[in-house]
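Each remark here refers to the structure printed beneath this line.
The values are calculated or read from the model by the stated rules, or taken from the named source; none is laboratory data. These numbers were taken from a predicted model, which means no experiment stands behind them. Cβ: placed from backbone, ideal geometry, glycine included. Neighbour counts: every protein chain shown.
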């Protein structure tokens, strides 16, 4: 309980105003979240993947892709690209971190995706290499049937960490470290 000479730090705070406009992000979000690209055209530093006419932008523009696996160093844009793809394709975006997830959570997500076949679901799994074989195998039927579009992100070579059946059903994209010029 605060003493008489202590005041409530938040008593005089004004509420943070809501963001204006469609897709605007609240002012109290971290800068990185507010600056995250919402379209592939806004992504910087991965020109080898995103230049006009290259495979990834064509797949997204036609909304004709299955599973994608992005691999590269931390902070190179794997999550940003996945979110931009979901936004551009108007897909439901479900994010899972393989470090904190389990089979029960995956089953729940996959069941929900099966119940909503009219709404395309992108299942983004960060740190995909951390899922064991049985967790990766659990994804296969729903990936094959098109119930979910898997976008996996990893910092490791998928050839060593992703099950061959899942790997064979995915387009693989290697992201490069961001150059200083792309960030400043």
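For this structure, a couple of remarks:
- Taking each residue of the stretch 143-169 that is in contact (Cβ under 8 Å) with a residue 60 or more places away in the chain and looking for partners that are assigned to a strand (DSSP E or B) and surrounded by fewer than 16 Cβ atoms within 10 Å (Cβ to Cβ) with beta-carbon atoms closer than 7 Å, six or more apart or interchain, yields 158/172.
- Single match in 127, 118 (criterion: more than 23 Å from residue 55 (Cα to Cα) and free of Cβ contacts under 8 Å to residues at least 24 places away in the same chain): 118
- Filter pass, residue 174 being in contact with a strand residue (DSSP E or B) (Cβ under 8 Å, 6 or more places away or on another chain) and surrounded by fewer than 18 Cβ atoms within 10 Å (Cβ to Cβ): yes
- Residues within the stretch 116-136 that are more than 14 Å from residue 154 (Cβ to Cβ) and under 15 Å from the mean Cα position of the chain (by Cα), tallied: 4
- Helices (runs of 4 or more DSSP H) completely within the stretch 1-69 that count 3 or more residues being touching a strand residue (DSSP E or B) at 6+ places or on another chain (Cβ under 8 Å) and either surrounded by 10 or more Cβ atoms within 10 Å (Cβ to Cβ) or modelled with pLDDT of 90 or more (or both): 55-62
- Residues that are in a helix (DSSP H, G or I) and either at pLDDT below 95 or surrounded by fewer than 19 Cβ atoms within 10 Å (Cβ to Cβ) (or both) within the stretch 70-79 comprise just one, 79.
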